[in-house]
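What follows is a single structure, and I will ask about it in a moment.
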Amino acid sequence: MRCGAPPRRGGLGAERPERVWAALGPSGLVLRGGLNFAADEPRPPGPDGQPAAAVLLIGNAGAGYWSVFTRWRDRQDPPPADPLDRWSRAVLERAAAAIGARVLMPNDRPFAPFQQWAMRAEGLKPSPLGVLMHPRFGLWHAFRGALLLDCPLAPAALQRLNAAAGAPHPCDSCADRPCLRACPVAAYGPGGFDPAACKTHLRRPEGAGCGASGCLARNACPEGVAWRYPAVVQRFHQRAFLDG
């Protein structure tokens, strides 16, 4: 659905994000922010094949999606590879149909700069673990995909979508950095994340706790504990990390 006549003028009104919210509602995925692209920046193609004018970011805050996803997964025969990505794409396709958008997933090639978009839209910053820190959800959130639009988002829609923008970055006031002390193999350090060290530990008997209850470093963070993923969700993601 185009934003109006003439195309690319006037902005996408608040009613379009409302349609996305309605389409996403039963899934547990949520609108996580949006932004208008600058005319001179690299832009993926929108629904009309021309460089997109705007993007809506879709993801989860906490694990509200989990029960809906697992019911879908358990009905699939045979079980699909990458089930969460497949389910997320199906959900986003329905939302895209509601507003005439094009779906873009984090694993689509060429890879899109989802983290940079999230930092611009919601004003997020990386935590010491590399995961973007949210002022409300802490580390317990993710971006599952995006909807690309042929027309820009109106200022009022952007203001509502990006409500977290401008909030203080929790890591700035965290002097103890418990996340950096919790990893038993020091997989997080000044050089970034060492996935090989983490996977080696998870495959050993002494790494059983990290595999069963989730990353100790992530769980050590005191922010957003009300949104922390249940152990079953963390086990799923740890297994996906190991298999990836």
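List every residue pair whose Cβ atoms lie under 7 Å apart, where the two residues are 6 or more positions apart in sequence or sit on different chains, the first residue falls within segment 125-142 and is over 14 Å from Pro222 (Cβ atoms), and the second residue, located anywhere, is open to solvent by less than 20 Å² (accessible area, probe 1.4 Å) and part of a loop (DSSP other than H, G, I, E, B).
Val131/Leu139; Leu132/Leu124
Considering segment 155-188 alone, what residues qualify as being in contact with a strand residue (DSSP E or B) (Cβ under 7 Å, 6 or more places away or on another chain) and open to solvent by 50 Å² or more (accessible area, probe 1.4 Å)?
Residue satisfying the conditions is Leu180 alone.
Could you list, ordered by first residue, the pairs with Cβ atoms under 7 Å in which the first is in segment 177-197 and of a type in the set (Ser, Thr, Tyr) and the second is in a loop (DSSP other than H, G, I, E, B) and open to solvent by less than 70 Å² (accessible area, probe 1.4 Å), at least 6 apart or interchain?
From segment 177-197, the pairs are Tyr188/Pro128; Tyr188/Leu129.
Just to verify a result, which residue in segment 227-244, among those that are surrounded by fewer than 17 Cβ atoms within 10 Å (Cβ to Cβ) and touching a residue at least 24 places away in the same chain (Cβ under 8 Å), is farthest from Phe69 (Cα to Cα)?
Only one residue fits best here, namely Leu242.
Can you spot a residue in segment 214-225 that is open to solvent by 60 Å² or more (accessible area, probe 1.4 Å), in a loop (DSSP other than H, G, I, E, B) and in contact (Cβ under 8 Å) with a residue 40 or more places away in the chain?
Yes, the conditions are met somewhere in segment 214-225.
For Ser88, are the conditions met, namely being modelled with pLDDT of 95 or more and more than 14 Å from the chain's Cα centre (by Cα)?
Working: modelled with pLDDT of 95 or more: yes; more than 14 Å from the chain's Cα centre (by Cα): no.
No: the conditions fail for Ser88.
Per-residue answers, yes or no, for (1) among the hydrophobic types (A, V, I, L, M, F, W, C); (2) within 15 Å of the chain's Cα centre (by Cα); (3) closer than 30 Å to Cys174 by Cβ:
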site: Arg71; (1), (2), (3): no, no, no
site: Arg75; (1), (2), (3): no, no, no
site: Glu93; (1), (2), (3): no, no, no
site: Val103; (1), (2), (3): yes, yes, no
site: Gln116; (1), (2), (3): no, yes, yes
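Continuing with the same structure: Anything in segment 120-131 that is over 19 Å from Gly189 (Cβ atoms) and in contact with a strand residue (DSSP E or B) (Cβ under 7 Å, 6 or more places away or on another chain)? List them, or say none. Reasoning before the result, please.
So the first thing to find is which residues in segment 120-131 are over 19 Å from Gly189 (Cβ atoms), and the list is 120-124.
Scanning segment 120-131 gives Arg120, Ala121, Glu122, Leu124.
How many of the residues in segment 116-154 are touching a helix residue (DSSP H, G or I) at 6+ places or on another chain (Cβ under 8 Å), buried (at least 23 other Cβ atoms within 10 Å of the Cβ) and among the charged types (D, E, K, R)?
1
The values are calculated or read from the model by the stated rules, or taken from the named source; none is laboratory data. Just so we're clear, the structure is a prediction, and the values are computed from it rather than from any experiment. Every residue, glycine among them, receives a Cβ derived from its backbone with ideal geometry; neighbour counts consider all protein chains shown. Side chains included, ligands, DNA and RNA excluded: accessible areas come from the protein's heavy atoms. Shrake-Rupley method; radii C 1.70, N 1.55, O 1.52, S 1.80 Å.
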